[in-house]
Structures are given as structure tokens and as C-alpha cells.
1. Quick query: amide H of LYS45 versus all other amide H atoms, modeled in the peptide plane; which residues come in under 5 Å with a sequence gap of 5 or more or a different chain?
2. Find the relative contact order for the chain and round it to a whole percent, using C-alpha pairs within less than 8 Å whose residues are 6+ positions apart.
3. Give the Debye-formula value of log10 I(q)/I(0) at each listed q (0.13 Å⁻¹), with one equal scatterer per alpha carbon of region 215-338, two decimals each.
4. When only alpha-carbon atoms count, how far does region 1-40 stretch along each of its three principal axes, as whole angstroms with the largest first?
5. In 10 Å bins starting at zero, report the fraction of Cα pairs in region 186-273 per bin as a rounded %.
6. For every other residue with a beta carbon closer than 10 angstrom to the beta carbon of THR184, add +1 if it is Lys or Arg and -1 if Asp or Glu, then tell me the sum.
7. Can you pull out the trypsin sites (Lys or Arg not before Pro) in region 144-247 that DSSP calls coil and that have at most 15 other Cβ atoms within 10 Å?
8. Quote the FRET efficiency, to the nearest 0.05, computed for ASP267 versus GLU74 with a Förster distance R0 of 45 Å and r equal to the Cβ-Cβ distance.
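The values are calculated or read from the model by the stated rules, or taken from the named source; none is laboratory data. What you see is a predicted model, and the numbers here were worked out from it, not measured in a lab. Backbone-built Cβ (ideal geometry, glycine too); neighbour counts: all protein chains shown. Just the protein is used for accessible areas: all its heavy atoms, side chains included, with ligands, DNA and RNA removed. Shrake-Rupley method; radii C 1.70, N 1.55, O 1.52, S 1.80 Å.
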Amino acid sequence: MQQFDRFKEQISSASPKKIVITTHHKPDADALGSSLGLARYLKKKDHHVTVITPSDYPSFLFWMKGNDEVVNYEDKSQRELADRLIAEADLIFCLDFSCLNRLQEMEGAVKKSNAFLVNIDHHQNPQYFAHFSFMSTKAAATCELVFDLIVMLGDRELMDKDLAECLYAGIMTDTGGFKHPNTTKNVHLVTAELIDLGADNSKIARLIYDTNSLNRLKFLGFALTRRLQIMEGCQTAYFTITKKDLRKYESQTGDTEGLVNYALSLDGIKIAALFTERKDGIKISFRSVEEVAINKFAAAHFSGGGHKNAAGGISQLTLDETVEKFETLIKENKHTLLNLPESVHEIAHDK
């Protein structure tokens, strides 16, 4: 509470503060939506606010209000400006991540800053690096927490249509279009208020889910027909995407978004994975049904983590070696992961 009071005093100060808002590398809708929504709120309180992302992000998020003012740290032409803004900041908000290494190249600049650090996040196993943390693993999205924080600060009246649409987008996507188990009563109450503020839920869904380039649709068809593998007897399916595949379909940031969910949608599948060959290693996306804690598997074997049913990981092995490791681990651990009987004798006993 003491740190909350200190935080509240800073943003309620009559003198404008220099504020930087940042989020994790390769921001998704929750990361960008919470950042731009919070930025709009703080600007209404007359602060000087800049959103700095560690990298680019999908073009289907460009419609969000404030997108044209975002500074991309990965863009060498903007690096000097970003470093100066971080060094001069009075406050730095870190949104939708709980470990500073998620900033990648930007981590060092934030660590060197003397700014008051604020962390708003809903992921598990936080590192508590900030002066003030507003966190809940029960929240469906960081956008949900930003809404709750603004209300807690007594500034509900400062929220408008543009802010509401940014927050709605993050909540919608992090609940899988309100399909995941994290779609709580509070999620519905918050999104109802956002719609009441003017958020166009139909437009937002269309812009995010139903806006594709021709190459992205061709890539999706290719992945479904040529890159989907099913592990018989393991209730597991996965995709492998090579650098060559990405080049062939002129893949842009966000083009693989949601692909792993097609594997999980197969009848009888409880674990799904997407292995994507990148220049810095094999990026892995994991998904699972409610009873399977895939985040623990990701943390134990692939330097990853995340939510119970949606996690990520990384591998410095080759693509083939990574997939071989994954298959071996699934086969060795399928009984504990999937709660399957150990043997034919156990099946008979269970009956």
C-alpha cells in the first residue's frame, strides 16, 4: 500500500512527468493494447508519454489509437531517441511481462534508468523487479488490469472510446475470443463497460481475426496440409515451420499468430506446439487443454513459461533436434502430463 500511495502521488502530481511505457518483444494485442490504452489515460493527466516497443508487431494492430507515435527500439534510426527517453524518464511502465529479459536488446537501458518502475502483468512466476507492481495471475489480460487500475485510481471518467477499444482488443485476444477458461465474470463486466464506453466489438474482432494478406492465407493452407504432425497415442499435434517456409510466403510479423490453435482444435488433441525456425533459435508456442499445465513443461525443458494452457519456449538446437527432443519428452512424460494409465494392466484395473 505504501508503494501504491507513492505511485499514485507521482502520477497525480501537478507537475507533468516524463513517462515511458514498454512491453515485451514482439508485442501481441494485449501488450500493445494495454500500452496504448494506458498511454492515452496518462496523457489525459497531462504527462509526457511515449510508448517504446522492443520490436515491431503485427500490422493487424496498427488501427489502435496512438500506433503512429510508437517508437520501435529495434529500428536503428529510432534507437538513440529511445535510449534518451528511457534515460530521462521519471516513470517507466513495464506491461504484460514479469521478467526484464523479455525486453531483449532494450533490457540494459531500462536497468540503467533511475526511473520509478511500475510493473503491470498477469503472468505466473513474477520476478518483482519494479518499485510498484500491480499484478494478478487470475486476470485474463494485462488490459483487464489496466482497466482495474484506472478505476482504482478514481479516474473512470478519463476513459474514452479509443482507450476502451485498445483494452477490449487485449482482453478479447488473451481469452481466445472469450473461449478460454480465463473468461471470468470480471472479464464480462469489464468488457461490458468498455462497450458502453464506445468500443466497437464487432469491428475489433474483424480487424484482428478477419484481416489477412493473400500470402498469409496461402501460408496457412501450406502449414495445415504440409507441416502438421500428429503423435499417435500421445494426444499431441504440432507444426514445424522453417526459415525457407517463412521466406517462400514472405512472412510478416504476426503471420504465425494463432497457427498453433489449429493443432489444438483437432478432436482428441490435448497438447499442441508450433516450432518456428528463427535467426536467434527455434521459437516455440505451446497450447493445451484446461487440465494440462503446459507452462510447467515449457519451463522445465525449453527455457520457457507462461500461462497454464498457453506458454512459450526457445531452443538453441536445430529444428530437427528440437522436435526430436519434444517428441521424446512427450512420450516419456505422457502419463503424468495427460493423466493416462501407465499400462494395459492399469487400464483393466481402472475398469
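1. Placed amide hydrogens put nothing under 5 Å from LYS45.
2. 12
3. Those come out to -0.46, one per q.
4. 32, 23, 14
5. 15, 35, 27, 20, 4
6. On the way: positive: LYS138, LYS185; negative: GLU144.
Once all neighbours under 10 Å are counted, the net charge is +1.
7. Details: sites: ARG156, LYS161, LYS179, LYS185, LYS203, ARG206, ARG216, LYS218, ARG226, ARG227, LYS243, LYS244, ARG247; in loops: LYS179, ARG227.
Answer by residue number: LYS179.
8. The formula returns an efficiency of 0.65 here.
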